[in-house]
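K.L.:
The structure that follows is given in the form of structure tokens.
The values are calculated or read from the model by the stated rules, or taken from the named source; none is laboratory data. Keep in mind the model is a prediction, meaning the values are calculated, not measured. Cβ: placed from backbone, ideal geometry, glycine included. Neighbour counts: every protein chain shown. Keep in mind that these areas ignore ligands, DNA and RNA; they rest on the heavy atoms of the full protein, side chains included. Shrake-Rupley method; radii C 1.70, N 1.55, O 1.52, S 1.80 Å.
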Amino acid sequence: MDKLDTLQLFTRIVDLGSFSQAADQLGIPRATASNAIKALERYLDCRLLERTTRHVRASLDGQAFYERCLHILSEIEDAESSFRHVSARPRGVLRIDLQGAHATHIVLPRLEEFHRRYPDIDVIISSGDRLVDLVREGIDCVLRAGELQDSTLVARHLADMPQVICASPDYLRAFGTPRHPDELESHRCVNFFSSTGGVSYPISLIINKKIKEYYPKGWVAVNDAQNYVICALGGGGLVQLPRYHVNDALKDGRLVEVLAEWPSPVMPVSVLYPQHRQLSARVRVFIDWLIGLYGAFFPMN
């Protein structure tokens, strides 16, 4: 294997935590992959990978080398993408980070369509709402909902998601149904907080063309969208979230919308990526695909 192929193999092993899976994805024998990494470690005079019977992970030196490799390979891909034939058929590894609800409800159910359109792109997906260092962690782009805070990234707006306030029938039987926003302060809510900030988000409504925030009391707080819904279904209190996430529960009566006369602010969703000199072809086509996907999922009125 030449040096470039060895670097690609090394990063794939770290990504997958497996020699066998990396060799299978690259279409080479397992023994070839093992010998190439051993030769690389001899050349660098350090151990890059820590091996167990079940898993492979980067050593401290290996992690530092991995991050440099990601940068080098990204630069090479950026250079290649400037040529028309590569732009027409982008290839390589695309690393994306999605918030869980978007992965489950929107992106993953349609991801096979992206693969059929671009079969030479391999996709690695992580999930969460934490802030990620795209450059250090080698992530190409992230999908985030809500108002954006990080101005060091380029953001492309994908859609505005309608929101709804709702609660379980059990909660409403026990505590009553709020008929006016002023009654929110006497109700309980499931608090939602960001794992990076720790501050609970308010319930917001548009009243007289202005956004007004309410902070009902709550006994449970979560930082995951799926857990947020589960707590609401279990009677934990009022929740406010994008309607698509609870459409089925609203239709079958497991959750009930309240205060529908007062509109909730829409929640924007955006894709963010580093400020590179030139966006690589694989990232560009994925963002274009996301724009079409979210445009269909959240059509503008």
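K.L.:
Give region 214-256 a look and list any residue that's without any contact (Cβ under 8 Å) to a residue 12 or more places away in the chain and under 18 Å from the mean Cα position of the chain (by Cα), or say none. Please lay out each step first, then the result.
P.N.:
Residues of region 214-256 that are without any contact (Cβ under 8 Å) to a residue 12 or more places away in the chain, as a first pass: 227, 230, 247-248, 251-252.
Matches in region 214-256: Asn227 only.
K.L.:
With respect to Leu48, determine if the residue is open to solvent by less than 50 Å² (accessible area, probe 1.4 Å), of a type in the set (A, V, I, L, M) and more than 28 Å from the chain's Cα centre (by Cα).
P.N.:
Numbers: open to solvent by less than 50 Å² (accessible area, probe 1.4 Å): yes; of a type in the set (A, V, I, L, M): yes; more than 28 Å from the chain's Cα centre (by Cα): yes.
Yes, satisfied.
K.L.:
In region 48-58, what residues are over 12 Å from Phe10 (Cα atoms) and assigned to a loop (DSSP other than H, G, I, E, B)? Spell out the reasoning first.
P.N.:
Going through region 48-58, the residues over 12 Å from Phe10 (Cα atoms) turn out to be 50-55.
If the condition is that a residue be over 12 Å from Phe10 (Cα atoms) and assigned to a loop (DSSP other than H, G, I, E, B), then Thr52, Thr53, Arg54, His55 are the ones that fit.
K.L.:
Out of all the residues in region 224-236, is one or more at pLDDT below 95 and closer than 29 Å to Arg117 by Cα?
P.N.:
No, there is no match, as no residue in region 224-236 is at pLDDT below 95 and closer than 29 Å to Arg117 by Cα.
K.L.:
Here's a follow-up. Any idea which of (1) at pLDDT 85 or above; (2) open to solvent by less than 20 Å² (accessible area, probe 1.4 Å) is the one Thr104 doesn't satisfy?
P.N.:
(2)
K.L.:
Within region 257-274, track down each residue that is farther than 13 Å from Leu158 by Cα and either within 28 Å of the chain's Cα centre (by Cα) or surrounded by 19 or more Cβ atoms within 10 Å (Cβ to Cβ) (or both). Before the answer, list the steps.
P.N.:
Keep residues of region 257-274 that are farther than 13 Å from Leu158 by Cα, which gives 257-265, 273-274.
Hits for region 257-274 are Glu257, Val258, Leu259, Pro263, Ser264, Pro265, Tyr273, Pro274.
K.L.:
Only residues that are modelled with pLDDT under 90 and surrounded by 20 or more Cβ atoms within 10 Å (Cβ to Cβ): list them for region 144-160, please. Walk me through it before giving the result.
P.N.:
Kept after step one, since they are modelled with pLDDT under 90, are these residues of region 144-160: 144-155.
If the condition is that a residue be modelled with pLDDT under 90 and surrounded by 20 or more Cβ atoms within 10 Å (Cβ to Cβ), then Arg144 is the only one that fits.
K.L.:
Now for a separate question. Could you pull out the residue among Ala36, Ala79 that is out of contact with any Pro (no Cβ under 6 Å at 6 or more places or on another chain), of a type in the set (A, V, I, L, M, F, W, C) and touching a residue at least 24 places away in the same chain (Cβ under 8 Å)? Steps first, answer last, please.
P.N.:
Values: Ala79 fails: touching a residue at least 24 places away in the same chain (Cβ under 8 Å).
Within the list Ala36, Ala79, the selection yields Ala36.
K.L.:
I'm trying to understand the selection: among the residues of region 61-91, which are at pLDDT 75 or above and more than 15 Å from Phe10 (Cβ to Cβ)?
P.N.:
The first filter runs over region 61-91 and keeps only residues at pLDDT 75 or above, leaving 61-76, 89-91.
Selection gives Glu75, Arg89, Pro90, Arg91.
K.L.:
Follow-up. What's the total number of residues in region 234-256 that are crowded, with 21+ Cβ neighbours inside 10 Å, assigned to a loop (DSSP other than H, G, I, E, B) and of a type outside the set (Gly, Ala, Ser)?
P.N.:
1
K.L.:
Return the pairs, sorted by first residue and then second, in which the second residue is modelled with pLDDT of 90 or more and outside any strand (DSSP E or B), the first residue lies in region 54-68 and is over 21 Å from Asp5 (Cβ atoms) and open to solvent by less than 50 Å² (accessible area, probe 1.4 Å), the beta carbons are less than 7 Å apart, and the residues are 6+ apart or on different chains.
P.N.:
Ser59/Arg47; Ser59/Leu48
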